[in-house]
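Right, one structure below, let's go through it.
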Amino acid sequence: MLPKDIPYAVTRGPLHYEDGSTQTFDAAGGTTYVESGRPTQGEWYVDSEGRFCSYWPPSYRACYELRWIVEDHHVTGLSFRNGHDVSNGRYEVPMIDELLVDELKNWTDEGGAH
């Protein structure tokens with residue numbers, strides 16, 4: 001995913017993870033992760049290398065390669081990758097819009113490079 005698209009991708013809507021947890025992101029850089037009904041507040045940002053990063057007080061910080069999850073020509077979620085660790089979050093409602101169409105065209109034109 002292109003760094004400029006990360007804010008749109010994460011703030012588009014709530015993500016539902018495979019383990020039943022959910023996460024929301026706001027445009028101001030805040031995020032709320034809810035696991036077993038317990039919310040945790042954190043922060044998100046795009047670092048100088050164009051990666052999605054999150055910070056969970058008091059000291060946990062991690063950066064991820066962010067990818068669209070696409071099924072049947074619709075974006076259904078986001079995949080967060082950090083080395084061998086992968087977390088897949090699904091949007092409540094799949095999407096297709098001009099940003100996605102442009103991103104998929106660029107991705108295809110570049111041989112799936114990002």
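The values are calculated or read from the model by the stated rules, or taken from the named source; none is laboratory data. Given the structure is predicted, the values throughout are model-derived calculations rather than measurements. Cβ: placed from backbone, ideal geometry, glycine included. Neighbour counts: every protein chain shown. The area values use the complete protein model at the heavy-atom level, side chains included, leaving out ligands, DNA and RNA. Shrake-Rupley method; radii C 1.70, N 1.55, O 1.52, S 1.80 Å.
Observations
- Between Glu49, Glu71, Glu18, the distinction of being open to solvent by 60 Å² or more (accessible area, probe 1.4 Å) and over 17 Å from Asn88 (Cβ atoms) belongs to Glu49 only.
- Scanning the range 66-114 for residues that are among the aliphatic types (A, V, I, L, M) and closer than 12 Å to Leu2 by Cα, we see that the one that is modelled with the highest pLDDT is Leu66.
- Residues that are in contact with a strand residue (DSSP E or B) (Cβ under 9 Å, 6 or more places away or on another chain), in contact (Cβ under 8 Å) with a residue 12 or more places away in the chain and of a type in the set (Ser, Thr, Tyr), drawn from the range 1-39: Thr11, Tyr17, Ser21, Thr22, Thr31, Tyr33
- Residues (within 15 Å of Tyr17 (Cα to Cα) and out of contact with any Phe, Trp or Tyr (no Cβ under 6 Å at 6 or more places or on another chain)) located in the range 54-75: Arg67, Trp68, Ile69
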